[in-house]
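Bear in mind these aren't lab numbers, they're just calculated from the coordinates by the rules spelled out. These figures come from a predicted structure and were not determined experimentally. Heads up, the Cβs are rebuilt from the backbone with ideal geometry, glycines too, and the neighbour counts pull from every protein chain shown.
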Amino acid sequence: MIEIEAASTCVLLGRRGPARPSLEARIRAPGKGWNVAKEIVTVCLPSVPIEEWEEALKAAMAPFDMNQPEPAGGEEPQGEWDWYHVYGGDGDTGLPVLAGHEDDPRIIHHPVFSNGRPRARRTARCDGGARGLLDFDTDRSARAAEATAKWDGWSRFASPYPPARPLDDFHRRFQDDPLGYPFEKARQDYLSQPLAQAVLHAPEGAGFLPRVGDAIACFGTDRDGFVQQEVCRAIPTNVLLTLDGTWIDGTLDPVHHPGLPRGDAYFRYADAYLRSLDNDAFVIRVRFHS
């Protein structure tokens, strides 16, 4: 099987100058992953005394340490990180703190960056804390309003054109028969659709269009479905570590990692999982390198 990596519209379409990253471009061999630099995992911990959360975090992360000795028998280590640092992001990317609980000792804010520089503390945001002190509803409501505006913008934009098929339809046909239906033909057929051409030539200021991915697929559901799809992405990060020690990377190819949710299915799962946690469980965002 041949897989295609996401890259830029410039590469795929031969377009010169800056462009909105989108669609798919270069072919890679199966099983070759991205060169991951830094990512954020949302770690879930059982209820522990606040003074013990760091030890609990170390214990949860330890099985995924890439620095462990190689297993006996010559097997490759199955690690996910070579270093990590508690970091939920700065500005509005941190986890939202429930109003009135900003000074609760169960709210976690790492005082320094990974390089040792001090970090300013924002009382309304944090790196983690007890689930009951985190205001998930605030970010979910904001994402719903943003998604509604995007959908309405897309609806106005797309209404003059006939319905179009998403890029995945052409991609699957190419994968099924790469000799009879080569990549270049798939690309041409997708771009022959008037709506695809309109998206390609849309101004950079069209804020409702996604920066990455196929806009036709992105808006390929009804308004309510699109809003719900976006709301599910408000709190989870791309990677989740569950209470039972399961590491789930929502970006992984399901062909090589069967049984794990990916893409929209992952975010639906992770969103529901995080919201269902007991109020005393800890939710912590951790930046890691692999």
Going residue by residue through segment 137-154, the Karplus relation 6.51 cos²θ - 1.76 cosθ + 1.60 with θ = phi - 60° gives ³J(HN,Hα) values, rounded to whole Hz and with x marking Gly or Pro, of 4, 4, 6, 5, 5, 5, 5, 5, 5, 5, 5, 4, 5, 5, 4, 5, x, 5
Amide hydrogen neighbours beyond the local backbone of Leu134, cut-off 5 Å, H modeled: Leu98
Pick out, in residue order, every one of the chymotrypsin sites (Phe, Trp or Tyr not before Pro) in segment 72-158 that is DSSP loop and has at most 15 other C-beta atoms within 10 Å; say none if there are none. Phe113
Multiply the residue separation of Leu191 and Ser47 by 0.36 nm, subtract the distance between their alpha-carbon atoms, and state the gained length in nm to one decimal. 46.6 nm
Burial order of peptide ranges 49-62, 209-222 (average beta-carbon count within 10 Å, highest first): 209-222, 49-62
Dipole of segment 68-227, Cα-centred, from +1 at each Lys and Arg C-beta and -1 at each Asp and Glu C-beta, to the nearest 20 debye? 580
Per-residue HN-Hα couplings for segment 163-171, Karplus 6.51 cos²θ - 1.76 cosθ + 1.60 at θ = phi - 60°, whole Hz, x for Gly and Pro? x, 10, 8, x, 4, 4, 4, 6, 4
Suppose the chain between Asp103 and Arg156 were pulled fully straight at 0.36 nm per residue; how much longer would it get relative to their current alpha carbon spacing? 14.5 nm
Of Ala198, Gly225, Gln188, which is farthest along the charge dipole of segment 185-234 in the positive direction, counting Lys and Arg as +1 and Asp and Glu as -1 at C-beta? Gln188
About its Cα centre, segment 157-256 carries a charge dipole, from +1 on Lys and Arg Cβ atoms and -1 on Asp and Glu Cβ atoms, whose size in debye to the nearest 20 is 260
Diffing segment 104-112: the Karplus 3J(HN,Hα) column from phi (6.51, -1.76, 1.60, θ = phi - 60°), in whole Hz with x for Gly and Pro, holds 5, x, 7, 8, 9, 9, 5, x, 9
Putting +1 on Lys and Arg Cβ atoms and -1 on Asp and Glu Cβ atoms, find which of Thr93, His171, Ala158 reaches farthest to the positive end of the dipole of segment 35-173. Ala158
Inter-label distance, nm, simple model (7 Å from Cα along the C-beta direction), Gln68/Asp135: 4.0
